[in-house]
Amino acid sequence: GRPGTGIASQLAAVAQIIAGRGTTGAKRQVFFVSMGGFDNHDLLNTGHGNLMRQLGDALEWFDRALANLGGVDMRANVTTFTASDFGRTLTSNGDGTDHGWGGHQLVVGGVLGQRIHGTMPRLEIGGADDTSGGRIIPTTAVDQFVGTLARWLG
């Protein structure tokens with residue numbers, strides 16, 4: 001069954017709308033779902049794992065739903081991605097982390113998913129990719145991967 005979280009409920013609504021695509025005649029649609037709680041200045045060790053579990057369970061359910069949506073496997077036709085306007089520092093502020101520059105995003109699905117984009121930095125405090133205070137400089141801007149999705153949408 002579907003996980004009982006807010007993000008899973010939102011993805012279930014998206015799956016229903018995609019399943020009804022024949023009646024709307026829509027070829028390409030954009031859906032926005034939201035999940036908060038990741039601004040972990042505090043309680044990172046106790047909260048982050050639970051948030052990632054909720055997101056992972058919801059995405060797993062969504063993938064299974066897309067695999068048989070009205071008898072059609074829609075997984076190759078749907079791209080699901082995360083977006084955030086900031087990353088986190090590698091250094092601790094005592095019970096969490098502060099805002100950083102570089103971060104990662106998940107891209108799942110047939111359009112851009114299933115491969116790594118950009119260059120994975122060395123996650124080492126004081127290392128080659130640490131600019132100051134554990135802040136990693138991103139190698140790929142959010143605008144670049146979102147631009148690729150926007151071109152696909154036309």
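The values are calculated or read from the model by the stated rules, or taken from the named source; none is laboratory data. None of these values were measured; they are calculated from a predicted model. Ideal geometry is used to build each Cβ from the backbone, glycine not excepted, and the neighbour counts take in all protein chains shown. We work out accessible area using only protein heavy atoms, side chains counted, and drop any ligands, DNA or RNA first. Shrake-Rupley method; radii C 1.70, N 1.55, O 1.52, S 1.80 Å.
One table, with the values for the structure above:
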read-out	value
Subset of segment 63-77 [touching a residue at least 12 places away in the same chain (Cβ under 8 Å), outside any loop (DSSP other than H, G, I, E, B) and exposed (fewer than 15 other Cβ atoms within 10 Å of the Cβ)]	Ala76
Selection count, segment 85-95, where residues are assigned to a loop (DSSP other than H, G, I, E, B) and under 19 Å from Leu43 (Cα atoms)	4
Of residues in segment 96-128 being under 25 Å from Gly49 (Cβ atoms), among the charged types (D, E, K, R) and in a loop (DSSP other than H, G, I, E, B), the one least open to solvent (accessible area, probe 1.4 Å)	Glu124
Considering residues of segment 35-60 that are part of a loop (DSSP other than H, G, I, E, B) and within 17 Å of His104 (Cα to Cα) only, the residue nearest to the chain's Cα centre (by Cα)	Met35
Qualifying residue in segment 22-39 (condition: closer than 25 Å to Thr131 by Cα and either touching a Ser or Thr at 6+ places or on another chain (Cβ under 8 Å) or open to solvent by 40 Å² or more (accessible area, probe 1.4 Å) (or both))	yes
Residues located in segment 138-154, provided they are of a type in the set (A, V, I, L, M, F, W, C) and under 25 Å from Arg88 (Cα atoms)	Ala141, Val142, Phe145, Val146, Leu149
Selected residue (criterion: farthest from Asn77 (Cα to Cα)) from residues of segment 141-154 that are more than 15 Å from the chain's Cα centre (by Cα) and open to solvent by less than 80 Å² (accessible area, probe 1.4 Å)	Gly147
Breaking point among (1) in contact with an Asp or Glu (Cβ under 6 Å, 6 or more places away or on another chain); (2) closer than 25 Å to Trp61 by Cβ, for Arg122	(2)
Checklist (1) surrounded by 14 or more Cβ atoms within 10 Å (Cβ to Cβ); (2) among the hydroxyl-bearing types (Ser, Thr, Tyr); (3) in a loop (DSSP other than H, G, I, E, B) applied to Thr80, failing item	(3)
Filter result (of a type outside the set (S, T, N, Q) and either in contact with a Phe, Trp or Tyr (Cβ under 9 Å, 6 or more places away or on another chain) or free of Cβ contacts under 8 Å to residues at least 40 places away in the same chain (or both)) within segment 84-93	Phe86, Gly87, Arg88
